[in-house]
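Q: Just passing along the structure, written as structure tokens.
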Amino acid sequence: MRHFSFTILTVLLFSVNVNAQSIKSPDEFLGYGLGTQFTYHHRMTDYFRYVAEASPLAEYRDYGTTYEGRPLGVCIVSSEENLKDLEQLRRNNLIMAGLLEGTVTGRQVPFIWLGYNVHGNESAGMETAMKTLYTLVTGSFPGSAEWLKSCVIIIDPCQNPDGRDLYTGRFRSSGNLDPNPGRNAWEHVQEWPGSRTNHYMFDLNRDWTWQTQTETRQRIALYQQIMPQVFADFHEMGPESTFFFAPGANPWHEVITPWQHEFHRLMGKGNASLFDEKEKLYFSGETYDLFCPSFGDTWPLFNGAIGFTYEQGGGGISGLALKLQSGDTVTLKKRIDGHFTASMATLKVSYENREKLLSEFSKFFRDNREQPAFKYKSIIIKKSNDPSAVSELLQLLERNQIRYSYAGNAGKKLRGFDYLANSEKEFMIEKGDILISAYQPESRFMQVLFEPDSKASDSLSYDLTAWALPYAYNLKAFAATDQVKASEEKPGITAETVTADSGKPYAYVTSFTGFNEIRLAASLSKKGIKARYALKPFSFGGAGFGRGTIIIARGDNLNREKDFDATVKGEAGKLHVRLTAAASGLVDKGKDFGSEYSPIFRKPEVAILCGNKVQPGVVGELWYFFERELDYPVTLINITNIGALDLSGYNTVILPSGNFSGIRDTIFNFVRKGGRAIAIENSISLFSSDKSTLLFKSAETRNEELKAADKKVRSDDTTLLKRFEDEDRIQLSESSSGSIYRVKADTTNPYAFGLGAEWFIMKHTQVLPFISGGGNIGYIRDKEPVSGFAGYKFKKHISNTLEAGSESLGKGEVIYIADDPYFRAFWKSGRVLLGNVIFR
């Protein structure tokens with residue numbers, strides 16, 4: 001018996017050695033040792049494709065391209081038998097989740113996904129992915145050959161190739177011949193905007209749910225074809241930190257199951273065991289919580305997998321070697337080893353719990369379909385909402401596999417939570433209302449996205465504390481405890497048609513309901529078609545039209561007589577905007593089309609200022625907004641190394657959150673000569689600190705009033721004694737952790753057209769006073785947020801403050817927006833405000 005076992009072992013070792021010898025290691029393929037240089041993305045891709053061709057245990061799959069044209073791809077690693085049956089195994093997984101019809105046939109194995117380098121400058125990840133791939137196909141880690149027999153492993157080596165190559169190129173061009181560990185060395189200091197993000201400067205790790213970016217959408221499309229049981233996301237943190245692994249910190253979202261909690265504990269123990277063997281330092285249960293759905297650990301958790309964040313101390317500043325405060329040096333080789341150790345631990349623990357992973361995955365989705373835990377069994381989106389906002393919401397639901405239908409039971413009265421009113425109310429189901437039922441495979445995730453106020457066990461959270469979709473889209477919606485039946489009619493978008501078409505009408509008119517009308521104004525402006533907007537309501541032909549209504553008059557476009565009708569109707573049709581043909585400019589009630597109360601839309605020539613001291617994320621959002629949502633030309637001007645800034649070719653300048661004090665005179669001169677400046681978040685300080693502005697005077701008055709109202713504290717007051725460990729919570733009391741506030745609108749102000757009497761904002765930053773003598777477009781009246789956490793000191797000063805305002809300055813105008821209105825590009829209601837301040 002011993003002889004037989006020895007013979008088998010000898011054969012196995014021989015086959016592993018032969019396989020290892022036939023496949024080049026990353027060092028051999030690249031021509032340098034891993035950790036001695038940063039690898040360009042295309043070379044890593046070459047290596048992954050090479051291994052897939054050389055080994056029967058790996059299969060390479062492209063799944064898309066980045067904005068800059070770099071390929072996105074994964075290697076699927078498993079036994080030859082599993083790869084042969086991969087399609088059946090994949091289908092079984094989806095059938096088990098209830099996401100694909102059919103019956104499970106044959107074997108089932110867990111899918112484990114390892115994702116690296118979602119942040120471009122967290123550069124150890126992609127290097128680790130190559131080492132991990134080589135280790136698995138050569139069976140060179142104890143037990144790894146058995147893992148492949150019972151699991152399918154997906155390795156995504158670089159989730160952000162554009163950011164990764166930006167980092168690599170900059171480092172290689174600035175690095176010394178021998179790595180310089182000094183922090184002041186050029187190789188450790190990368191220029192604006194940094195390389196953490198993608199082409200549009202988006203943090204892809206905060207885009208999982210919202211899927212605004214092409215890299216995210218394509219990755220999740222592949223993910224949903226597989227639906228893995230485990231997803232591990234590999235990151236880096238500051239160089240002075242050690243290594244973080246599971247379990248995650250509090251708060252955990254309440255939909256996370258007991259098994260997901262338990263597996264986090266097991267994964268922590270498994271990592272600790274391997275890290276202890278190497279005497280590596282680490283920590284767990286701190287900092288990185290599991291609450292907000294935006295991330296690469298929480299999104300998988302809410303989708304039935306068990307998601308993990310790994311954080312290696314290092315990051316972009318570390319380069320190839322960086323001297324630490326302790327006197328030690330963190331090197332790329334050490335960082336690779338940290339992620340490699342965590343990768344092996346993830347696979348080992350998953351293999352050891354493979355049966356439980358499968359059974360609990362099945363239970364997760366079965367409970368979702370049959371016994372949803374969400375208090376509200378039905379979400380009703382009213383048909384009266386802005387069609388463009390509803391369409392955007394439905395697209396988001398589809399991308400997240402959340403099912404919806406038209407609501408049945410038309411005419412039935414129910415009682416439910418009214419999101420916009422933030423209270424329980426009676427409502428009636430109408431034909432055309434959208435139903436999102438809790439009885440579906442993605443029930444838990446549906447709860448996460450629609451619960452009115454997410455419950456956190458700890459207010460000290462890593463990111464947002466609120467995100468309910470009806471607020472993000474500014475939709476009239478209700479959450480009902482009743483189970484509403486679905487209608488058999490399938491929802492769909494139908495192209496609008498021109499009504500009362502008289503051949504060549506005097507004008508085309510469309511009510512201003514939301515973003516599609518902004519897009520129409522932008523499109524017509526690009527094509528040289530002039531359009532007006534109504535400052536007052538009017539009616540004709542028995543139909544009423546509200547403020548902001550777009551009027552496209554033939555008389556304003558006599559130079560376009562040949563293609564006027566085809567162009568207007570064609571653009572409106574593309575955007576699903578309903579036009580009404582008017583035979584005359586004379587209205588039945590209100591102001592006629594040629595009145596001064598119907599001004600022509602501006603033709604904006606827009607510049608976005610960017611560069612050092614400007615927040616890249618807000619710049620990227622605006623850039624993305626113009627190019628990908630509005631489809632309107634914009635110029636980004638980097639002010640970092642510019643001498644005399646010439647703004648004469650623009651009539652609109654946007655100042656994203658940042659410090660523009662270095663070009664203060666240029667901006668003020670631009671405005672005083674007739675330009676429009678749009679200041680967002682911190683850039684407002686450029687104007688609030690200048691004595692010539694109304695905002696300065698209003699802020700000065702408010703500050704004096706607050707100072708007078710504050711109670712003076714004596715120097716011997718014991719309330720001044722603060723515990724060291726409470727420092728973070730004390731700071732939290734003065735801030736808003738991404739909470740949602742209701743904003744009241746001046747509905748007569750053109751900049752508020754289409755927003756309704758109220759809209760909602762993701763509140764993060766400063767409070768502004770009402771502007772005496774200026775335009776107070778939108779303002780916050782309540783101290784309490786409608787959802788999320790705000791500190792008690794923050795709430796003391798938030799009521800009766802300005803969210804959006806304007807004032808004249810010389811011949812021009814400054815518009816202030818206190819918070820990013822288009823936050824991470826998922827706060828869709830903010831697009832209307834942005835469009836208004838640009839075009840009106």
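Q: Pull up the cross-link candidates among the aspartates and glutamates for K697, meaning alpha carbon to alpha carbon under 16 Å and not fewer than 8 places away within one chain.
A: Partners within reach: E705, E807.
Q: Sticking with this structure for a sec: Pairs of alpha-carbon atoms within less than 8 angstrom and 6+ residues apart define the contacts here; what relative contact order does the range 313-388 have, in percent?
A: Answer for the range 313-388 is 15 percent.
Q: Then there's this: Could you provide, to the nearest whole Å², the per residue accessible area of the chain with probe 1.4 Å?
A: On the way: 34060 Å² over 840 residues.
That works out to 41 Å² per residue.
Q: Where does each of L99, L809 land when they are ordered by accessible area, with a 1.4 Å probe and the largest first?
A: The most accessible residue leads, giving L99, L809.
Q: Let me ask something else. Show which lysines lie in cross-link reach of K149 when reach means a straight Cα distance below 22 angstrom and same-chain residues fewer than eight apart are skipped.
A: Leaving aside lysines fewer than 8 places away in the same chain, those within reach of K149 are K84, K131, K348, K356.
Q: At a Förster radius of 45 Å, what calculated FRET efficiency corresponds to the Cβ-Cβ distance of E286 and K811, to the nearest 0.05?
A: Details: r = 55 Å, r/R0 = 1.22.
About 0.25, to the nearest 0.05.
Q: Between K485 and D62, how many nm apart are label points set 7 Å from Cα along the C-beta direction?
A: Going from the K485 label point to the D62 one covers 4.9 nm.
Q: For the chain, which whole-number percentage of the solvent-accessible area (1.4 Å probe, protein heavy atoms only) is attributable to carbon and sulfur atoms?
A: Solvent-exposed carbon and sulfur of the chain make up 50 percent of the total.
Q: Output the Cα-based Rg and Dmax of the range 749-840 in Å, rounding Rg to one decimal and Dmax to a whole number.
A: Just the Cα atoms of the range 749-840 yield Rg and Dmax of 13.4, 41 Å.
Q: While we're on this one: Highest mean first, how do 610-622, 347-359, 507-519 rank when packing is the count of other Cβ atoms within 10 Å averaged over residues?
A: Answer by packing, highest mean first, reads 507-519, 610-622, 347-359.
Q: Considering the dipole of the range 309-389 built from charges on the beta carbon (Lys and Arg +1, Asp and Glu -1) around the Cα centre, which of Y351, G319, S388 is farthest to its positive end?
A: S388
Q: Skipping prolines and chain starts, which residues have an amide H placed within reach, meaning under 5 Å, of the one on M237, given they are 5 or more residues away or on another chain?
A: Result for M237 returns Q312, G313, G314, G315.
Q: Now a separate question. Set the bar at 26 Å for Cα to Cα. Now go through K431/K455; K744/K828; K375/K795; K673/K763 and name every pair that lies beyond it.
A: From K431/K455; K744/K828; K375/K795; K673/K763, over 26 Å: K431/K455; K375/K795; K673/K763.
Q: While we're looking at this one, here's another question. Can you sort L755, L166 by solvent-accessible area, 1.4 Å probe, largest first?
A: On the way: L755 5, L166 70 Å².
Output order, biggest surface exposure first: L166, L755.
Q: Let me ask you something else. So what's the back-of-envelope 222 nm ellipticity for the chain, counting only DSSP H runs of four-plus at -39500 (n - 2.57) apiece and dividing by all residues, rounded to 500?
A: -10000 deg cm²/dmol
Q: So how much slack lies between E727 and S715, counting 0.36 nm per residue of separation and subtracting their Cα-Cα distance, in nm?
A: Going from the current span to full extension adds 2.4 nm.
Q: Assuming R0 = 56 Å, what is the FRET efficiency of S772 and Q371, from their Cβ-Cβ distance, to the nearest 0.05?
A: Working: r = 57 Å, r/R0 = 1.02.
Efficiency computed from Cβ-Cβ geometry: 0.45.
Q: Moving to a separate point now. Find how much the distance from T242 to E53 grows on full extension, using 0.36 nm per residue of separation minus their present alpha carbon separation; answer in nm with one decimal.
A: Values: separation 189, 0.36 × 189 = 68.04 nm, distance 3.70 nm.
Separation in residues times 0.36 nm, less the Cα-Cα distance, equals 64.3 nm.
Q: Is the shape of the chain rounded, prolate or oblate, going by the alpha carbon gyration tensor and its root eigenvalues a ≥ b ≥ c, with a/c under 1.5 for rounded and a/b larger than b/c for prolate? Display every interim value, and only then the final one.
A: On the way: a/c = 1.76, a/b = 1.49, b/c = 1.18.
Prolate, because a/c is 1.5 or more and a/b exceeds b/c.
Q: Separate question: If we count every other residue with Cβ under 13 angstrom of A709's Cβ, Lys/Arg +1 and Asp/Glu -1, where does the sum land?
A: So the environment of A709 carries a net charge of +2.
Q: If you take every residue apart from N559 with its C-beta less than 13 Å away from the C-beta of N559, what net charge results, scoring Lys and Arg +1 and Asp and Glu -1?
A: Summing Lys and Arg as +1 and Asp and Glu as -1 gives +2.
Q: Cross-link partners among lysines for K591, C-alpha distance below 26 Å, same-chain residues fewer than 8 apart left out?
A: Leaving aside lysines fewer than 8 places away in the same chain, those within reach of K591 are K504, K530, K536, K569, K603.
Q: Full-extension gain between Y32 and D463, please, as 0.36 nm times their residue separation minus the C-alpha to C-alpha distance.
A: Extending this stretch completely gives an extra 151.2 nm.
Q: Measure up K377/K425; K526/K613; K280/K334; K485/K574 against 21 Å on the Cα-Cα distance and list the ones that go over.
A: K526/K613; K485/K574
Q: To continue, here is another question. From the Cα trace of the range 34-124, what convex hull volume per residue do you get, rounded to a whole Å³?
A: 136
Q: Could you tell me the calculated FRET efficiency between V104 and K278, based on Cβ-Cβ distance and R0 = 45 angstrom, to the nearest 0.05?
A: Calculated value: 0.65.
The values are calculated or read from the model by the stated rules, or taken from the named source; none is laboratory data. The structure presented is a predicted model; accordingly, all values stated were derived computationally and were not measured. Because the Cβ atoms are built from the backbone with ideal geometry, glycine has one as well, and the counts that use them run over all protein chains shown. Side chains are part of the model used for accessible areas, which takes the heavy atoms of the whole protein and leaves out ligands, DNA and RNA. Shrake-Rupley method; radii C 1.70, N 1.55, O 1.52, S 1.80 Å.
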